[in-house]
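Accompanying notes for the structure given below.
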Amino acid sequence: SALGGSFNIRVLTFRRLAAEILPDYNYMPKQSALMALTAIVSRHKDKFLCYKKGTESSGFIESAYETICQFKYSRIPPEKIVCSLLPPQIRNKMADIKLLYEKYQEFLSENKYIDSAGKMEELLRAIPEYPDIKNSYFYIYDFDNFSTQEKALIASLAKNSLGVTAACCHSEKSFHRYLFVNDLLPELAEISRQTRVKALIQKEYWQYLL
């Protein structure tokens, strides 16, 4: 009590926070997702424009899965992918990936599964209604960069909690370029602008009080 309750501290990742807040789902781990994509490819490869012969190559399924995950972590649903606007040299490739993405999402929905990116979306929806979030402060550190999903999570925590402090190392000095990943600072600055918060700058590192 002399420290004002400072022992009531917990270390969490976003995924561990989701596990605490969200109800039990039929979670789809990566290996199961790869098996599902293998079946989807087998069923729909006759519709492919580019990868008709490439589906049997080593690593194709995993590469397709990672591409789909990047879209999901960037919060880009398949209906937002407009292949006709892409350069001709990648248009057909992206059309095949979009088809796989659509069928993968349909598989998850029909079987009531949720994957890693889907769990983060559910966490985003749950944060504004969760009482412990509203009564907590959050300190975020040890990130090299943020996905679009993670930026949205930080912004939601900032709006729905007692406060968020996000810290990163940054330096403009040339001899520090191998020590600090300076890409993170603009991302925190953008979150700061979106949530209308002030930044605290201290020498070689910045702290954003969100």
Which of the residues belonging to the stretch 45-76 are open to solvent by less than 50 Å² (accessible area, probe 1.4 Å), assigned to a loop (DSSP other than H, G, I, E, B) and either aliphatic (A, V, I, L, M) or more than 17 Å from residue 118 (Cα to Cα) (or both)? 48, 54, 55, 59
Please pick out the residue among 111, 26 that is under 30 Å from residue 136 (Cα atoms) and either over 17 Å from the mean Cα position of the chain (by Cα) or surrounded by fewer than 17 Cβ atoms within 10 Å (Cβ to Cβ) (or both). 26
Would a scan of the stretch 77-92 turn up a residue that is crowded, with 17+ Cβ neighbours inside 10 Å and in contact (Cβ under 8 Å) with a residue 40 or more places away in the chain? no
Considering the stretch 115-138, residues that are more than 11 Å from residue 156 (Cβ to Cβ), without any contact (Cβ under 8 Å) to a residue 40 or more places away in the chain and not in a helix (DSSP H, G or I), and then whichever is most open to solvent (accessible area, probe 1.4 Å), we arrive at 137
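If you go through the stretch 175-197 one residue at a time, do you hit one that is assigned to a loop (DSSP other than H, G, I, E, B), at pLDDT 75 or above, closer than 27 Å to residue 128 by Cβ and touching a strand residue (DSSP E or B) at 6+ places or on another chain (Cβ under 7 Å)? It would help to see each step written out before you state the result.
Taking the stretch 175-197 first, the residues assigned to a loop (DSSP other than H, G, I, E, B) are 177-183, 195-197.
Now drop any that are not at pLDDT 75 or above, which leaves none.
Within the stretch 175-197, none of the residues are assigned to a loop (DSSP other than H, G, I, E, B), at pLDDT 75 or above, closer than 27 Å to residue 128 by Cβ and touching a strand residue (DSSP E or B) at 6+ places or on another chain (Cβ under 7 Å).
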Quick check on this structure: which one of 122, 172, 129 is modelled with pLDDT of 90 or more and either β-branched (Val, Ile, Thr) or over 19 Å from the mean Cα position of the chain (by Cα) (or both)? 129
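The values are calculated or read from the model by the stated rules, or taken from the named source; none is laboratory data. Here the structure is a predicted model, which means the values were calculated and not measured. Quick reminder, even Gly has a Cβ in these numbers, built from the backbone with ideal geometry, and neighbours come from all protein chains shown. With ligands, DNA and RNA removed, areas are computed over all heavy atoms of the protein, side chains included. Shrake-Rupley method; radii C 1.70, N 1.55, O 1.52, S 1.80 Å.
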